[in-house]
1. Gain in length, Met1 to Val145, computed as 0.36 nm per residue apart minus the alpha-carbon separation, to one decimal in nm?
2. So which trypsin sites (Lys or Arg not before Pro) in the range 59-146 pass both tests, a DSSP loop state and at most 10 other Cβ atoms within 10 Å of the Cβ?
3. Can you list the lysines whose alpha carbon is less than 29 Å from that of Lys109, not counting same-chain residues fewer than 8 positions off?
4. Ranked highest first by the average count of other Cβ atoms within 10 Å around their residues, in what order do 6-12, 110-116 fall?
5. In what sequence do Trp77, Trp28, Trp156 fall when counting other Cβ within 10 Å, fewest first?
6. List the residues, sorted by chain then number, that are 5 or more residues from Cys126 or on another chain and whose placed amide H is less than 5 Å from its amide H.
7. Between rounded, prolate and oblate, where does the range 1-157 land on the alpha carbon gyration tensor, with a ≥ b ≥ c its root eigenvalues, rounded for a/c under 1.5, else prolate if a/b exceeds b/c?
Amino acid sequence: MTIVSLALSIVACFAVSEDGDIVKNVAWATGELSNVVNKNVSDAEVPLEVTLHIGLSAVVQESKFDDSADTSQTIKWDDVDTCGADYCQDCKDTATGTASTAIIACVTKFPAGGLMVKRRVPRTDCYFFKFMSMVSTFMGLITLVSSLLSFSDDCWTSFPDSIEIVVGDNMILSGDASYSAGPGFLCLLAAVFFDCFVALVHILTPVPKDEQDSGNTVVQVKHVGA
């Protein structure tokens, strides 16, 4: 279970990339803009739909047109000086802050896996390893859940139902928006459930009886007379 959780966490961590193709595949949130209206360029073709792939370091903006080729634009969070709206700025701050948290949570799974291996072997299991396994697992869970809640609150659930975006150099579009969790977010959410199972296993798995009795062993010395 720890290996599966680690693999899912690694996939989610790829959202720190600034590469557009990677962000689209492991975005933490996805937004779709429908009923699109062009607000400032009257003679330009209006896209039928705009999709936003929100990553931890960049946002990919895809525009689907009826008669021409679709377009894709990657916007790095570091290049966004001002969002023009509070919800955008909140998402930028949370996404960039979550990037380091996601990586740290992923890295800490390696020692947790080592402790799991120690506990699988009866002769190496002990109360210390059980305690450290539970502490590392619960600390990781708290970190992941906190990151997921913050990101979901700031990067889609608090977004308005209608937004304005800029396509290309100067085209301002508005439309009805809907949002959902992205693949990276879902991977990390699944990792949380696996970690909950691992924590339960650590709680329910007793330390071997030999280890429990090791502190109470009485050594008897028999004196043999000549």
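Laboratory data are not the source of any read-out in this text; all were calculated from the coordinates shown. Predicted model, so just to flag it, every value in this text is computed and none were measured. Note that we place each Cβ from the backbone using ideal geometry, even for glycine, and neighbour counts take in every protein chain shown.
1. Values: separation 144, 0.36 × 144 = 51.84 nm, distance 1.79 nm.
Contour length minus the Cα-Cα distance gives 50.1 nm.
2. In loop regions of the range 59-146 (DSSP not H, G, I, E or B), the sparsely surrounded trypsin sites (Lys or Arg not before Pro) are Arg123.
3. Partners within reach: Lys24, Lys76, Lys92, Lys118, Lys130, Lys209.
4. Numbers: 6-12: 20.7, 110-116: 16.7.
Packing proxy ranking, top to bottom: 6-12, 110-116.
5. Numbers: Trp77 19, Trp28 29, Trp156 23.
So the ranking, lowest neighbour count to highest, is Trp77, Trp156, Trp28.
6. Hits under the 5 Å cutoff: none.
7. prolate
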